[in-house]
1. Which of A:K52/A:K252; A:K52/A:K248; A:K121/A:K252; A:K121/A:K264 have a Cα-Cα distance over 25 Å?
2. Mind checking the dipole of the range A:119-166: about its Cα centre, +1 per Lys or Arg Cβ, -1 per Asp or Glu Cβ, Debye to the nearest 20?
3. Taking the Cα centre of the range A:294-390 as origin and charging only Cβ (+1 Lys, Arg; -1 Asp, Glu), how large is the dipole, in debye to the nearest 20?
4. Over the Cα atoms of the range A:258-409, what Rg and Dmax result, in angstrom?
5. For the peptides A:212-218, A:169-175, B:77-83, what is the packing order when you average, over each peptide's residues, the other Cβ atoms within 10 Å and list the highest mean first?
6. Partner chain Cβ atoms within 10 Å, averaged over the residues of A:292-301 - can you pull that number for me?
7. As a footprinting exposure proxy, order A:K121, A:K209, A:K274 by other Cβ within 10 Å, with the fewest listed first.
8. So how many Å³ per residue does the convex hull of the Cα atoms of the range A:59-165 work out to?
Amino acid sequence: MAPHNPTRRTLLKGASFAAALGAPIPFARFLPAGLIPAALAQDSVSAADFGKDELAILGDRPLNMETPPHLLDDRVTPASRFFVRNNGLPPDVSTAAEESWRLTIDGEVDNAMTLSIADLKTRFEPVTLQLQLECGGNGRRFFAPGASGNQWTFGAIACAEWTGVRLADVLNAAGVKNSAVYTAHYGADAHLSGDPEKDAISRGAPIAKAMDPHNLIAWAMNGEAMPLMNGHPLRLVIPGWPGSCSQKWLTKITLRDRVHDGAKMTGSSYRVPKNPVAPGTPVPDEDMQIIESMPVKSLITAPATGARFTVGEDFEARGHAWAGDLDVAAVDLSIDFGATWFAAALDRPVNKYAWQHWRAPIRFDAPGYYEVWARARDTEGHMQPPLPPGWNPKGYLNNMMHRIAVFAV
Amino acid sequence: MRPPRVSLFFFAAAIAFLIYAAFSGGGQPGPEPIASTLAVAETALANPHALPDFNWRFNALDPGVVEASSASASFDPADDYWGLPRTEGVDLVAGYCASCHSLRIVMQQSASEARWRELMAWMIDKQGMAQPPDDDLEQMIGYLSENFGA
């Protein structure tokens, strides 16, 4: 019997939840037993509820928060300012206990292993690296026609100092078979539907990328346990590729003899057209390819947009730049809407995949409205475009220039 | 219904022209041209959402990330339907979509009818959404593309 429009009778079934909500639940009959209606979570959550500073909440179920650029001014992003990108429902604190956590390595390996976090800490060399992670959909908001998904602007990016062990060391300890082609990552977060048979997300990487010595199985961020919302007690950090490769609440890595086909590996998820398409064009799955390295990009983290300076006053513009698997070769700035450009001073990364910091002195000699534009160039000559590049159905890989407004008065 | 979109460049060009006009004086001694130019820009800064197309094209006056981008609705936890527009199909969308995820994500979207149709198929086929009767599905797609259209 097909369900129909809501009736008084179906509304009554949801009466107890409805009382809590102060609103009817027309489809109470669809709520799986025991599942709290998502709407109860559709409340006035704030970033502070999750130990975060003034991050913007894009959604509360799943929880997604991004960081305004001016809060990313630190060279190493504090945990309180590290963006949150969830695909499912995180485990709660009690199940995420470090002591009882287990990580399984299986599939195309000589010896499948199950390790505790203590095993990881004692059997492998601990490594600390500054590694940047960016959501593949950062900048999605600026595609036209609109691309579906969380409408990230600029702030789904951060660079923290991670401590863990090299993924390669752990895989080598298990013995990588010649037949291994791709990794498959699994975590403890639940699918939004509550269906235990579904993974919220399970992505992976080709073996060559997985064996890069900068990939970590990490238990600490900035010298402390990482926030639960960023993957505590154990996560992957696979820098330079979409953040979704860096499974949070990591429980298992399976080596496969073929490309992974887990949740959000297929269709339009984290995939872009093989060849450029006109904006809005439907693209068949077979014409899509998996995103690998993220593109060159930069942020202006100081001053904050809307800043006011006195005519003739010197101030410093500064920020960070990064380039996926490559390094940044140069950052140029413009204060005349892109008509002319000048070079910013650019630091080397403290280690590969760390943010490169840049800065430049600026002064306005006449009053008015100005914009500071930043444009990074990578070691292979790719530059940031002024507009969103390569439209794609899900709005990935937007590395357009960041611009801020500045008034000279 | 959303106001007509005016591209970023029209806005940037307008600002640039105002600045140019202010500096050049246009051959006419106008009343404090710099002050009036700044007044326009600062009014925009004070109320960036009043700018045409502010929500859809990047504008450097935006102090950061703000609310959902669709002009027709914004999330309101105090509202019985969390701020969803009250057009035909609101019950269906609230019921089906909020069973799994926040309505905030719905209200951020700007998708064509064809894309909403794909998204609903994906939700049903891959994401565990209950299969609605055809009439209801059509009503939801109509509601979503009317209120959160491309």
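Values quoted throughout were computed directly from the atomic coordinates according to the rules given, and no laboratory measurement underlies them. On a predicted model such as this, the values are computed, not experimentally measured, just so you know. For neighbour counting, all protein chains shown are included, and Cβ atoms are generated from backbone atoms with ideal geometry for every residue, glycine included.
1. Numbers: A:K52/A:K252 28 Å; A:K52/A:K248 18 Å; A:K121/A:K252 17 Å; A:K121/A:K264 31 Å.
Beyond 25 Å between Cα atoms: A:K52/A:K252; A:K121/A:K264.
2. Roughly 120 debye for the range A:119-166.
3. The calculated dipole for the range A:294-390 is roughly 180 debye.
4. For the range A:258-409, the Cα-based Rg and Dmax read 18.4, 61 Å.
5. By packing density, highest mean first, the sequence is A:212-218, A:169-175, B:77-83.
6. Partner-chain Cβ atoms within 10 Å, mean over residues of A:292-301: 0.
7. Listing A:K121, A:K209, A:K274 from fewest to most nearby Cβ atoms yields A:K274, A:K121, A:K209.
8. Here the figure is 153 Å³ per residue.
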